[in-house]
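Read through the structure below, which is laid out as structure tokens, and then see the notes.
The values are calculated or read from the model by the stated rules, or taken from the named source; none is laboratory data. All of these numbers come straight from a predicted model, not from anything done at the bench. Cβ coordinates were reconstructed from backbone atoms using ideal geometry, including for glycine residues, and neighbour counts include every protein chain displayed.
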Amino acid sequence: MNKVQIDEILNKVNGIKITHKRKTRIRVDVDADSLPTLLELIKGRASYIHLSAITCVDWIADNQFELVYHVWSYEEKCLISAHTRIDRGSEKNPAKYISVYDLFKPADFFERDIFEMYGVTFIGSPRMEKFILTEWNGVPPMLKDFDAEAYVQETFKWTDYNPDWLQELTDQGGGIAVKPEDIRTAGNTHNMSTHRERDKAKAAAVKANDKMQGWKQ
Amino acid sequence: MNALHLMAELIFMPLIAFIVGMMMVLMMRKISARLQRRIGPPFFQPLYDIVKLYGKDTQISHGLIHDIGIIMAVGGYIGAEILLPVPGMEGIAAKGGVITLSYFLMIPSLGMALGVGQCANPNGSIGISRALTAMLAYDIPFILVVFGAAWHYQSTSLIGMIEYQQVHQWGIVEMPLLAIAGLFALQGMLGKQPFEIYIAPAEIATGPMVEMSGKYMGGLFVMQTFQLYTAGVLYASLFLGGGTSFLTLLPKAFLVVALPMSIAFMFPRYKTEDVIRILWKWPVMLGLISLAFIL
Amino acid sequence: MKKELKIKQKERTNPLAHVFDDFIRFCQSKSLFMLHYCTGCGAIELPPAMTSRFDMERLGIQPMVTPRQADILLITGYVSIKTLKRVILTYEQMQSPKYVIGICSCTVNGGMYWQSYATAKKLNEYMPVDVYIAGCMPRPEAVMAGLQRLKDNIRNDKKEHKGSAWKDYFKRYDYYLGNQQALFGEDWQTPTDIIAEAKLYGLETEETYGKHTKLLEKHQTPLLPQEMRIK
């Protein structure tokens, strides 16, 4: 099936936006109401029968969740990623969406995963329970407003870093290069929203320590 | 012989069996290590293992039958040692021959079955049912071999067999096929690969030994030393001429035990049905052909 | 089924009772059975330590399969909260004297996963640990050095008192139970009766009891045998 034929099938859905990235990757953006129809269409008409994954992205600035359905075809050897946005909801009114379990049986596994990690309820999925984080009773942890590091600083205690073995090593000339306290001061790193800033801070601490120890730059 | 002499023998025969058996366990571990291009454990390692197991502070028992089962397992072998004549000490071998010895050699498995059944762990139950099935498998060729040897020597007393072989040739020269069948049965009796189904460490968590700990496990280790010793000395007495002194008997016993060990570590393990199939086919056929020549 | 444990506190008052203690301790240091509870990624460092290059069997250490038969519990790698429950159950099933070795940095101070909400940072809070082997992963030489250190600790326990961390679990059970309850909830219980065991060894102190053991008593339900069903 070449580009024209697949475009013809995909364009039967209203308001679709198609991007052909490569020979094996097609990206499709639809709105939330049309997605199940799109999936049924490409499953029946275009041999896309294998659901590879369902993933979720948290766009906190837009107050939306983006659900991505990756569907693969063995005949075409091509992956269609169908993107859609749903409302993020709040604690009183959690996000929900319809389940595609009747189209693809493996969907219930991915939907359980997203329910556990993001809090999105899928209506029609057979078992909406947690299975990975059975000991976890807090907010869904993948949300961007859940600060894992702050939670860790509150809940867990750290090892006291002055034991005999470390003293022996320091006496022999070794020891710790970057003190953990410099990296994990509470409230310091979670203001840095990107990993780049965090890595920069760590590299600066290592450099300062090397200089202090007199090692060559 | 007087009662005091007999008492001394009843103590010394199992003691010598224990010491020689420990050296055989060490030899087994060293052979497996060398085959895998490693250095094995140090010389006294089996002793350290047994003392450590008995020295555990916690002993977890699952009831009276559990204790009795282990005592039966070790006791069966101690009884077998007393019936096994060695140079210088005969014990009560004159009173019971090789048939009584075969019965005594079945008691340990039954004792372990009692003990493991009390443990109520499903891994143990699976393991012990496989062990008893394997016992059924190797006992048929074993009995054939013993019967053939007894018929050939015209006596069931081990002392008589040893004396006969000292005068004439060794048994292995006169009945080679029976000796080979005996080696098969020996591999099954010692529970070495490929007939190791009842231990199966990764599959059923060592089967019968899954809930054994502390002194119970120590008892099973002691049982292993007796098992190797009995198998080696019995085979040497039946086919390799026994010995007039320990210097001639022990090398033969060690050789007999080393043979299954050397081939064991190159095999995977068979399933239970395959164990029965192979042990009821080849050694039984060889044994029957050999019996046809003997009878 | 909850059975009433009759504890017969056996003090070894026999004058010959402690003659063999040194010999037994020597044998315990020479023969250790390990249960490698392969918690995380560090388990990959154990096969090299067991195979022909860095042979562990010449130190007397053999792998064993069940916690009942093992002396050492090897925690290799990160311990998630879900795994920690099972590790504690396994630890309590082992027989004393028992030793815990924490391999890899994740047991020391969180390691690579220190920011994670679902891993335990400091293993020492939930069970007494004898030896830590730091690294990510430690080389097999480091693992062997750690095991040798454990053997020396056991052998010189009379003088240096570094080889019996298992007694600490009974002496300060309230502290460990408090940390466990903070993670798992107030109705956390295990099938093993630690306080009765502490009484049996004579290792009870006033720190064995506390407000956390009172909570445990309040919430302790008799454990029923599981129903076996064939669908």
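The residues listed here are B:I99, B:I126; of these, the one that is surrounded by fewer than 18 Cβ atoms within 10 Å (Cβ to Cβ) and over 13 Å from B:A73 (Cβ atoms) is B:I99.
Out of A:I86, A:I42, A:I54, one residue alone is surrounded by fewer than 19 Cβ atoms within 10 Å (Cβ to Cβ) and touching a strand residue (DSSP E or B) at 6+ places or on another chain (Cβ under 7 Å). It is A:I86.
Here's the yes/no breakdown for (1) at pLDDT below 90; (2) within 30 Å of C:S29 (Cα to Cα):
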position	(1), (2)
B:N2	yes, no
B:M7	yes, no
B:V20	no, yes
B:M24	no, yes
B:S61	yes, yes
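Here B:T230 clears all of (1) modelled with pLDDT under 85; (2) hydroxyl-bearing (S, T, Y); (3) out of contact with any Gly (no Cβ under 6 Å at 6 or more places or on another chain) except the condition numbered (1).
Residues that are assigned to a loop (DSSP other than H, G, I, E, B), touching a residue at least 24 places away in the same chain (Cβ under 8 Å) and either closer than 17 Å to A:P140 by Cβ or not assigned by TED's automatic domain parsing to the domain that holds A:H50 (or both) within the stretch A:92-123 comprise A:A95, A:G119, A:V120, listed in sequence order.
Rundown of residues vs (1) part of a helix (DSSP H, G or I); (2) under 20 Å from B:A131 (Cβ atoms); (3) among the hydroxyl-bearing types (S, T, Y), yes/no style:
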{"position": "B:P260", "(1), (2), (3)": "yes, yes, no"}
{"position": "B:M266", "(1), (2), (3)": "no, no, no"}
{"position": "B:Y270", "(1), (2), (3)": "no, yes, yes"}
{"position": "B:R277", "(1), (2), (3)": "yes, yes, no"}
{"position": "B:F293", "(1), (2), (3)": "yes, no, no"}
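Remark: pairs (first residue in the stretch C:104-115, closer than 17 Å to C:Y37 by Cβ and within 11 Å of chain A (Cβ to nearest Cβ); second residue buried (at least 19 other Cβ atoms within 10 Å of the Cβ) and β-branched (V, I, T); Cβ separation under 6 Å; 6+ apart in sequence or on different chains) = C:T107/C:I75.
Looking at the stretch C:44-66, which of its residues are part of a loop (DSSP other than H, G, I, E, B) and surrounded by 20 or more Cβ atoms within 10 Å (Cβ to Cβ)?
C:M56, C:G60, C:M64, C:V65, C:T66
Where in the stretch B:1-106 are there helices (runs of 4 or more DSSP H), lying wholly inside it, with at least 2 residues that are of a type outside the set (D, E, K, R), in contact with a Ser or Thr (Cβ under 7 Å, 6 or more places away or on another chain) and away from chain C (no Cβ under 14 Å)?
Of the helices (runs of 4 or more DSSP H) lying wholly inside the stretch B:1-106, those with at least 2 residues that are of a type outside the set (D, E, K, R), in contact with a Ser or Thr (Cβ under 7 Å, 6 or more places away or on another chain) and away from chain C (no Cβ under 14 Å) span B:3-35, B:64-82, B:98-104.
Name the single residue, out of those in the stretch C:124-154 being polar (S, T, N, Q) and more than 12 Å from chain A (Cβ to nearest Cβ), that is surrounded by the most Cβ atoms within 10 Å (Cβ to Cβ). If we take residues in the stretch C:124-154 being polar (S, T, N, Q) and more than 12 Å from chain A (Cβ to nearest Cβ), then C:N153 is surrounded by the most Cβ atoms within 10 Å (Cβ to Cβ).
Among the residues examined, B:M261 qualifies as at pLDDT 85 or above and crowded, with 17+ Cβ neighbours inside 10 Å. Criterion first (aliphatic (A, V, I, L, M), in a helix (DSSP H, G or I), within 14 Å of another protein chain (Cβ to nearest Cβ) and surrounded by fewer than 16 Cβ atoms within 10 Å (Cβ to Cβ)) does C:A196 satisfy it? Considered against the rule, which asks whether it is aliphatic (A, V, I, L, M), in a helix (DSSP H, G or I), within 14 Å of another protein chain (Cβ to nearest Cβ) and surrounded by fewer than 16 Cβ atoms within 10 Å (Cβ to Cβ), C:A196 comes out as yes.
Taking the stretch A:57-79, which residues are charged (D, E, K, R) and part of a strand (DSSP E or B)?
Passing the criteria: A:D58, A:E66.
A search for C-beta distances below 8 Å between a residue of the stretch A:129-153 that is among the hydrophobic types (A, V, I, L, M, F, W, C) and any residue that is part of a helix (DSSP H, G or I) and surrounded by fewer than 16 Cβ atoms within 10 Å (Cβ to Cβ), counting only pairs 6+ apart in sequence or on different chains, returns A:L133/C:K82; A:A150/A:H190.
Just one of the numbered conditions (1) assigned to a loop (DSSP other than H, G, I, E, B); (2) buried (at least 19 other Cβ atoms within 10 Å of the Cβ); (3) out of contact with any Cys (no Cβ under 9 Å at 6 or more places or on another chain); (4) within 13 Å of another protein chain (Cβ to nearest Cβ) is not true of C:K121: (3).
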